[in-house]
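Report on the structure given below.
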Amino acid sequence: MRVMAMVKRILRQIIRDKRTVGLLIVAPILVLTMLYFVFNGGDYEPKVGLVQMPESVVEHLSVDGVRLTTISNEAAAKEQLADQEIDAYLLYNDEKMKIVLEGSDPNVTAATMKWLQGAMPKQQQEANSQSPSIEYLHGSDKMGQFDYFGPVLLGFFVFFFVFLIAGVSFLRERTKGTLERLLASPLRKWEIVAGYVIGFGIFTMIQSTIIAAYAIYVLGMVMEGAFMYVLLTILLLSLTALTLGILLSSFAQNELQMIQFIPIVVVPQIFFSGLFNLETIAKWLSWISYVTPLYYAADALRDVMVRGYGWSAIYIDLLAIAGFSLLFITINIIILRKYRKV
């Protein structure tokens, strides 16, 4: 009887906590739905440019599973390849064929090479006695999955742990009455928010530096660009996670409720960060990526770490991440009004 009494008490507690009940039902459905749309998307179709290709060769090329584009010259093809408008281009010169791959995504490279292997009929391949030369704009044939997914995972883990630690820490500040005492002091709301952001920010700066350095210099994650830009991107992402964690902690009453935000706010971002090719996801769903901070951070990290680009290629992404931080800071200042006693 005593056991049954305890069971009834626990069940009543769970039923009364509407947020927990909702999490147990809604969160798994949400994640499973996203997985359905991600993995049931269409196969990726490589975008291939044709440069100076004779009509006799073009008419025999297979167009199944590929998007072909005719490009006037190699300079234009290189520019489109660098801008990721195409995944590769074929150049036919002096009866020799050259294949130039963008190379930063092993999955896209594999899909492109698979199409190329079956693009020309067997008799056409036999007519070309010499094998086509293969060049890479970024990476090489030795580039692995970890090299491409690594920047996304690096950004995700930094975002996840900073969000969690900041949210729980700020929640404790509130539940222990520290925040109320600060609000009763002469400090202004923006000064309180700035103090928390800077205080937690110093710790996240140290954490981000250690994690990024470990991933690159110990685990050997590919690093073509400047470490300074990687660090700047990680720090801005940490600031965004920090301000978002502080913001959402305002709507939680305990640590459990803070953790409940993770499958709703943090986990969905991994699906739209570029870990999965967004071109294979349903068009009506892919817009979500543009309202997630991790998407811009992953794009910037890949540009620096995998493609070796600099400031001119990543500054828009960095501005977007900084914009999220400013938005969350502003909302935090507004939210603090509800805690100020009359």
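The values are calculated or read from the model by the stated rules, or taken from the named source; none is laboratory data. Fair warning: this is a prediction, and the values are worked out from it, not measured in the lab. A quick note on method: Cβ atoms are made from the backbone with ideal geometry, for glycine too, and the neighbour counts reach across all protein chains shown. When the accessible area is computed, the model is the full protein with side chains, heavy atoms only, and any ligands, DNA or RNA have been set aside. Shrake-Rupley method; radii C 1.70, N 1.55, O 1.52, S 1.80 Å.
Here Leu319 passes the criteria (1) surrounded by 17 or more Cβ atoms within 10 Å (Cβ to Cβ); (2) at pLDDT 95 or above except the one numbered (1). Residues in the stretch 175-228 that are crowded, with 17+ Cβ neighbours inside 10 Å, over 16 Å from Leu153 (Cα atoms) and β-branched (Val, Ile, Thr): 4 in all. What pairs come up if the first residue lies in the stretch 290-303 and is polar (S, T, N, Q), the second is surrounded by fewer than 24 Cβ atoms within 10 Å (Cβ to Cβ), and their beta carbons are under 7 Å apart, counting only those six or more places apart or on different chains? Hits for this filter: Thr292/Gln269; Thr292/Phe272. Annotation note: Cβ proximity below 6 Å between a residue of the stretch 73-90 that is over 20 Å from Ser140 (Cβ atoms) and a residue that is open to solvent by less than 10 Å² (accessible area, probe 1.4 Å) and at pLDDT 85 or above (sequence gap 6+ or interchain) occurs for Gln80/Ile86.
Of all residues in the stretch 73-129, those being polar (S, T, N, Q), modelled with pLDDT under 80 and open to solvent by 40 Å² or more (accessible area, probe 1.4 Å) number 7.
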